[in-house]
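Peer 1: A single structure is presented below for examination.
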Amino acid sequence: MKRLLFITSVMVLVLANATFSHAKEITIRGKLQKTVEAGGWLIVNDSNKYLILNAKNYQNNPWFKESTGVEAVGETKDVMTIYMEGTPFEAKSMQPVDQSVATPGRDDIRRVTRVMVAGDSIVQAQPDTAILTISVVTQGRRAIDAQQENAVKTDAVVRALKSVAGTGAEVKTSGYSLQPQRVYKEGQPPTITGYEARNSVTVTTGELNKVGNIIDAAAQAGSNDISGIAFTLRQDRPARDQALSEATREAMNKARVIAQALGGRVVRVIEVQEEGLQRPPVPIYQTEALMAQRGVATPIEIGSLEVTSRVQLIVEVEPG
């Protein structure tokens, strides 16, 4: 018995002396899927797999790729394949089920253009948290003198801060240093003239109305260096969601304007990329002159923060 080699994209072997029954034309729907053998393609649905014998006739179409839903009209064939992966099927016609994606026929090719657009949004939000950095700086001829004086003053400052800030605030040490003070003369090695100790404490509070009182209490207790105040937003989800929504709408509006200018419409969104950020906390620096005004409460004006969002879209536009 002679054997003929029937060449397709997946190489099938046909028995020459086999008896073929008259094939009936059928219509199948499913999703495109690659076979285990390179170059082979299947149409897969809930109940069956169909091996496409003439897949090369359709592979040049832009929609011919994995997971694309297709409808094919053709005949099943009584042949054997190397892996027997699915029922052999020869398609007479094939088109994507989703008509917005691709081209139903060679004579009626839909033209689509990919457009990249971006939308930006800035949302003003009131801060809900204040962060203060308060330090005690002392100097002495000996290191132990600077250190001991600093320890006494820092202890007094911390107690004052906890008393004024309340139990809801966080008071913690954020830095400590003890460094020699040097004098430099030309042609001579540096001379140590004394030592400086610095102990920094960070106060985090959600009671923004207490910020001025915290500064005053720290200065009165012995703090002589307040680096600044930063206002930030811990509960930022509502503001971020609003910014993201507005940025997305702006990007889509841009896409529609471009499509209308081309006399067409936006077919679908291909890709979405989001970049969101909150502007850094806004610092308000205090000076020693301000702290010296012991008899006047320190005024603190709380501004707003900016929460920004950027959304980038890649859309398909069908020109008119």
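The values are calculated or read from the model by the stated rules, or taken from the named source; none is laboratory data. Bear in mind that the values here come from a model prediction, so they are computed numbers and not experimental data. Note that each Cβ is placed from the backbone with ideal geometry, even for glycine, and that neighbours are counted across all protein chains shown.
Peer 1: Could you check the stretch 186-282 for strands (runs of 3 or more DSSP E) lying wholly inside it with 3 or more residues that are farther than 15 Å from Leu132 by Cα?
Peer 2: 191-205, 265-278
Peer 1: Something else about it: In this structure, is Val123 touching a strand residue (DSSP E or B) at 6+ places or on another chain (Cβ under 9 Å), at pLDDT 80 or above, surrounded by 15 or more Cβ atoms within 10 Å (Cβ to Cβ) and not in a loop (DSSP other than H, G, I, E, B)?
Peer 2: Yes.
Peer 1: So in the stretch 1-57, with the set limited to residues that are in contact with a Gly (Cβ under 6 Å, 6 or more places away or on another chain) and in a loop (DSSP other than H, G, I, E, B), which one is modelled with the highest pLDDT?
Peer 2: This residue is Asn45.
Peer 1: Here is a follow-up. Going by the conditions given, is Lys92 exposed (fewer than 13 other Cβ atoms within 10 Å of the Cβ), modelled with pLDDT of 80 or more and within 30 Å of Arg111 (Cβ to Cβ)?
Peer 2: So Lys92 passes the test.
Peer 1: Report yes if Gly168 is assigned to a strand (DSSP E or B) and of a type in the set (Gly, Ala, Ser), otherwise no.
Peer 2: When the stated conditions are applied, Gly168 does not pass them.
Peer 1: Met84 - would you say it is aliphatic (A, V, I, L, M), modelled with pLDDT under 90 and farther than 30 Å from Ile300 by Cα?
Peer 2: Yes, satisfied.
Peer 1: Return yes or no: is Arg268 surrounded by fewer than 18 Cβ atoms within 10 Å (Cβ to Cβ) and among the basic types (Lys, Arg)?
Peer 2: So Arg268 passes the test.
Peer 1: Let me ask something additional. Just one of the numbered conditions (1) exposed (fewer than 15 other Cβ atoms within 10 Å of the Cβ); (2) more than 51 Å from the chain's Cα centre (by Cα) is not true of Asp145; which one?
Peer 2: (1)
Residue by residue, here is whether (1) touching a residue at least 40 places away in the same chain (Cβ under 8 Å); (2) in the same structural domain as Gln220 (by TED's automatic domain parsing); (3) in a strand (DSSP E or B); (4) of a type in the set (A, V, I, L, M, F, W, C) holds:
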| residue | (1), (2), (3), (4) |
| --- | --- |
| Gln139 | yes, yes, yes, no |
| Asn150 | yes, yes, no, no |
| Val158 | yes, yes, no, yes |
| Leu178 | no, yes, yes, yes |
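Peer 1: Scan the stretch 197-217 and tell me whether some residue there is touching a Pro at 6+ places or on another chain (Cβ under 6 Å), modelled with pLDDT of 90 or more, hydrophobic (A, V, I, L, M, F, W, C) and more than 30 Å from Val112 (Cβ to Cβ).
Peer 2: No; the residues of the stretch 197-217 include none that is touching a Pro at 6+ places or on another chain (Cβ under 6 Å), modelled with pLDDT of 90 or more, hydrophobic (A, V, I, L, M, F, W, C) and more than 30 Å from Val112 (Cβ to Cβ).
Peer 1: Any residue that is closer than 30 Å to Arg111 by Cβ and among the hydroxyl-bearing types (Ser, Thr, Tyr) - is there at least one of those in the stretch 41-51?
Peer 2: Looking through the stretch 41-51, none of the residues is closer than 30 Å to Arg111 by Cβ and among the hydroxyl-bearing types (Ser, Thr, Tyr).
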